[in-house]
Amino acid sequence: MPLRDIFKRQIDNLLSTERNRTHVSLEEDLRNEFDRAVGNAIDPGRGEREAARREADIERSRTQAGLGQFVTIEGLPGEWEAVEMFHADETSVAFTLVDRRSGETAQLSAVDDGTVILDWPGGQHGAIVTGAYWRSSTQAGLRLAGAVLLSDGERPLTLSGDLRADLPSEEPDYSDGER
């Protein structure tokens, strides 16, 4: 990026009245440009390879097999599907969510005390939602019906969905005949 463009962006940022606009210092802008130029001189094409690798990772996330269970997140665009469950103990459950449009991932978790947390690329939202976490002898999950999750300085997100998955078997699997 030519220095003229860096300076122009810096002036635009300085004069901008937008509150949520990301501001990068001139020093950081120049350092990033220098690093990019040096990187291209040492390893030409590296940026393009990394961009292609990132695109492949996003596409892999976007198309991975899911559980067929979706969460509606009002205030966060996307089609969020649960793709896997994590269940470390009998008091909590977490689901990895993938936005089927963008490939972004998020983690939605619940604890038996009612704590519900959504970690997503833009931040973390949480709330106490009594009864959100549930567990039976064979499955675990979380139920949300219009639960409002909050974050400092961020807009609230309203979540609805019923996620569930089978618990891992406690017994070893001897289906292959080995004991």
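As an exercise, identify the GluC sites (Glu not before Pro) in the range 17-111 lying in DSSP coil whose Cβ has no more than 16 other Cβ atoms within 10 Å.
18, 79, 90
Rounded to the nearest 10 degrees, what's the angle between the helix 46-63 long axis and the longest principal axis of the chain, both from Cα atoms, 0 to 90?
30 degrees
Can you give the relative contact order of the chain as a percent, counting alpha carbon pairs under 8 Å and 6+ residues apart?
Answer for the chain is 14 percent.
Test of understanding: what is the full-extension gain from residue 136 to residue 117, defined as 0.36 nm times their sequence separation minus their Cα-Cα distance?
Additional length available on full extension: 4.7 nm.
To the nearest 0.05, how large is the calculated FRET efficiency for residue 27 and residue 143 if R₀ is 41 Å and r is the Cβ-Cβ distance?
After rounding, the FRET efficiency stands at 0.25.
Loop only per DSSP, at most 11 neighbouring Cβ atoms within 10 Å: give me the trypsin sites (Lys or Arg not before Pro) in the range 57-153, ordered by residue number.
The qualifying sites are 101.
Expressed in nm to one decimal, what extension gain is obtained for the pair residue 38 and residue 152 from 0.36 nm per residue of sequence separation less their Cα-Cα distance?
37.1 nm
Starting from the Cα of residue 13, step 7 Å along the direction of its Cβ; do the same at residue 169; then give the gap between the two resulting points in nm.
5.6 nm
For the chain, take the alpha-carbon Rg, divide it by the Kirkwood Rh, and send me Rg/Rh.
So for the chain, dividing Rg by the Kirkwood Rh gives 1.12.
Scan around residue 147 for amide H atoms under 5 Å from its own, H built in the peptide plane at 1.01 Å from N, and keep only partners 5 or more places away or cross-chain.
159
To test your reading of the geometry: what angle, between 0 and 90 degrees and rounded to tens, separates the Cα axis of helix 3-15 from the longest principal axis of the chain?
Rounded to the nearest ten degrees, it is 70.
Read-outs: derived from the displayed coordinates by stated rules, not from any lab. The shown structure was predicted, so the numbers you read here are calculated from the model rather than taken from an experiment. No Cβ is skipped: glycine too gets one built from the backbone with ideal geometry, and neighbour counts run over all protein chains shown.
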